[in-house]
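So the structure is just underneath, and the comments pick up after that.
The values are calculated or read from the model by the stated rules, or taken from the named source; none is laboratory data. Bear in mind that the values here come from a model prediction, so they are computed numbers and not experimental data. Every residue, glycine among them, receives a Cβ derived from its backbone with ideal geometry; neighbour counts consider all protein chains shown.
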């Protein structure tokens, strides 16, 4: 696979790793947070931790949109799906997320709710066209990567004059999450670990560009290196971060230059701005209420907004008491530090956000790395 | 969820659609979010949509960076 | 009514006819379906007796019995269909004991309204698969459920075979130091099936690898009679099968990712879908575990067989109290290859 295989080359991985080992100064620790769930997954899947020196520690951030979806929002989706005549279309990633009363979308489906897994927002629109007598709702989740496709289908639905299609919008924003990690009221309770720099998300950045991270670099004096999706990209970004720290720099660097520019994708951004606006506040699982961190449909598109269309009311459901996701998402604790990790909370029976999706810190550690703790 | 993959555009179709190819696997995706794409270009595909065109020159520069060959950093 | 037409029964219209409730009720319509379709396709002396059971000679050696139900959707796919799958699946389960499969039974659960043309196609495919595998379908059953209560057709096959004395192939026999081999490329069947799901919409040239593996097993047992384990990695893929064996044998495993054969198109399809080929189903491949000193001989025997051309040694069995299956990745790092957490894919076999 061109532009894929070359970025997974084992020999190159070793040589980048050797450079990191040489650059990482003995006697100090480097903590870097990778924000994007895809990076967490790449690190686990390829065993990149084994290639890094002991004093370079990767901290997993809240970059998995499924993981940060609060229980209340899943409850709302389930309630929608149970209404007569409704077809709820969802990405497959959401179906096992545990909600209230021991339910999940998958369990609700087993009980008879018409819930269908789709690969793309366009599939949901197609189902609405094929079944005009059903109310088709698209359960939209994701960071800035997935938001433009949702914007497209809302506009398309309007063009086609569709009367049976709507979107249950749970799109969230990356920069707000990063800011919240660095500075929030919960920091006092949960503590915070000194994060020396960030590995910036790959595909979110293709849309928003590298420009939005400049604020963090300046304001908090933390380097940000945007990394591509492949394991060599991640390793290279770590090397670049180590060098920035050593040289006392706090800049935005772009390792993913083959797909990310400073401005990003102007067309996609314009589409999103046309269809969505900021919610004043939105609750994130594990992080609590975060201001200006999520999107909703603009008034102009109200008829396609499932929350308004179906008169849905917001629900706030607290996480399980034993769940340490809040601290884990901030990098203060590791999955193995959580009391219920690997026992009550496993990928098959997830209790909190970090275990829910394969990109979550706990799920990744359980699936790929728990042998390290067991040894 | 975060997964996206670079694929080669092999055929442009009507309505902003295109056929992309990755090692012989073909998929129809939407080009509605990108501009100026031609057959032979590589695009990054995510949930059925092309998000961005791949800059092949930058890709080569990044590979050189991996090998420790680039004199300047890409920024 | 004229005498010449008294015995005349109109033949079943296989072109346009549909299954209806009478085909499962035990009456004339069912008898006609059995005779005009199943008997004609599977034809053998036992079926011709037209009993509810088959009396077959008791084979020498130990009896091996296996059963499998098939619910694959879609019913027809590149490289096979639910019919050939149902024959191969059970033939393989029997064969994985190091046994020679001999007889199959088949039970059909048909949904009211299912096109008879499709049923005929499936049955003829089963007949061809059985003939090629040198097994006889000696008894069967047919039921019909109301429309909406079945997915077109479900098939159960039960197989009986015989294994020679002294051949002890079992999932609990993996020992530290043993070599782990696979007979060919991983993930072909699952990807072939998924390529047909409307909402995944990609076209590939990948065919299901569904095949009867008993002659490959015979070649394996011939070359290495002391082979420890054999299993076909069907639903859940190679990863699931290895975890099963690890648990049964109470050992761990260490794999090498670059050694595991995967076709480039399968790898690419898995990239599109966010799947790991290690967890994608196979229907014409097997895993073999043998003592280290027998590994090269086993590999040669597999590669000499048409179904084992791409066979490879992919890892080894180790002592491990946690029974973890771990893998060294192409980049030199290490990761676990864990059990699947819950159902990840729609039914594919």
For residue A:229, which of the numbered conditions (1) within 14 Å of another protein chain (Cβ to nearest Cβ); (2) assigned to a helix (DSSP H, G or I) fails to hold? (2)
Kindly indicate whether residue C:235 is on the phi < 0 side of the Ramachandran plot and within 14 Å of chain A (Cβ to nearest Cβ). no
Restricting to the stretch A:242-266, count the residues that are in contact (Cβ under 8 Å) with a residue 24 or more places away in the chain and either in a helix (DSSP H, G or I) or surrounded by fewer than 21 Cβ atoms within 10 Å (Cβ to Cβ) (or both). 11
Out of the residues in the stretch A:272-302 that are in a loop (DSSP other than H, G, I, E, B) and on the phi < 0 side of the Ramachandran plot, which is surrounded by the fewest Cβ atoms within 10 Å (Cβ to Cβ)? A:280
Residue pairs, Cβ under 6 Å, 6 or more apart or interchain, first in the stretch C:2-14 and assigned by TED's automatic domain parsing to the domain that holds residue C:30 and more than 23 Å from residue C:113 (Cβ to Cβ), second at pLDDT 70 or above and surrounded by fewer than 10 Cβ atoms within 10 Å (Cβ to Cβ). List them. none
Of the conditions (1) under 16 Å from residue C:209 (Cβ atoms); (2) at pLDDT below 95, residue C:268 fails just one. Which one is it? (1)
Give, as residue ranges, the helices (runs of 4 or more DSSP H) completely inside the stretch C:15-107 that count at least 3 residues that are buried (at least 23 other Cβ atoms within 10 Å of the Cβ). C:82-95
Screening A:239, A:214, A:219 for residues that are outside any loop (DSSP other than H, G, I, E, B), in contact with a helix residue (DSSP H, G or I) (Cβ under 9 Å, 6 or more places away or on another chain), modelled with pLDDT under 95 and over 30 Å from residue A:305 (Cα atoms) leaves only A:219
For residue C:221, indicate whether it is at pLDDT 95 or above, part of a helix (DSSP H, G or I) and closer than 30 Å to residue C:127 by Cβ. yes
Single match in C:187, C:171, C:148 (criterion: surrounded by fewer than 20 Cβ atoms within 10 Å (Cβ to Cβ) and touching a helix residue (DSSP H, G or I) at 6+ places or on another chain (Cβ under 6 Å)): C:171
So which of C:39, C:33, C:75 is free of Cβ contacts under 8 Å to residues at least 24 places away in the same chain, within 20 Å of residue C:155 (Cα to Cα) and in contact with a helix residue (DSSP H, G or I) (Cβ under 8 Å, 6 or more places away or on another chain)? C:39
Out of the residues in the stretch B:38-53 that are touching a strand residue (DSSP E or B) at 6+ places or on another chain (Cβ under 6 Å) and part of a loop (DSSP other than H, G, I, E, B), state the one that is surrounded by the most Cβ atoms within 10 Å (Cβ to Cβ). B:48
Restricted to the stretch A:335-348, and to residues that are touching a residue at least 24 places away in the same chain (Cβ under 8 Å) and part of a loop (DSSP other than H, G, I, E, B), which residue is surrounded by the most Cβ atoms within 10 Å (Cβ to Cβ)? A:338
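Residues checked against (1) closer than 13 Å to residue C:314 by Cα; (2) within 19 Å of the chain's Cα centre (by Cα); (3) more than 14 Å from chain B (Cβ to nearest Cβ); (4) part of a helix (DSSP H, G or I):
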residue	(1), (2), (3), (4)
C:245	no, yes, yes, yes
C:261	yes, no, yes, no
C:265	no, no, no, yes
C:272	no, no, no, yes
C:288	yes, yes, yes, no
C:293	no, no, yes, yes
C:297	no, no, yes, yes
Answer yes or no: is there a residue in the stretch A:252-273 that is at pLDDT 95 or above and over 26 Å from residue B:36 (Cα atoms). yes
Just one of (1) at pLDDT 95 or above; (2) more than 29 Å from residue A:319 (Cβ to Cβ) trips up residue A:137, so point out which. (2)
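Residues checked against (1) under 23 Å from residue A:38 (Cα atoms); (2) in a loop (DSSP other than H, G, I, E, B); (3) touching a residue at least 12 places away in the same chain (Cβ under 8 Å); (4) not assigned by TED's automatic domain parsing to the domain that holds residue A:196:
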residue: A:316; (1), (2), (3), (4): no, yes, yes, yes
residue: A:321; (1), (2), (3), (4): no, yes, no, yes
residue: A:326; (1), (2), (3), (4): yes, no, yes, yes
residue: A:370; (1), (2), (3), (4): yes, no, yes, yes
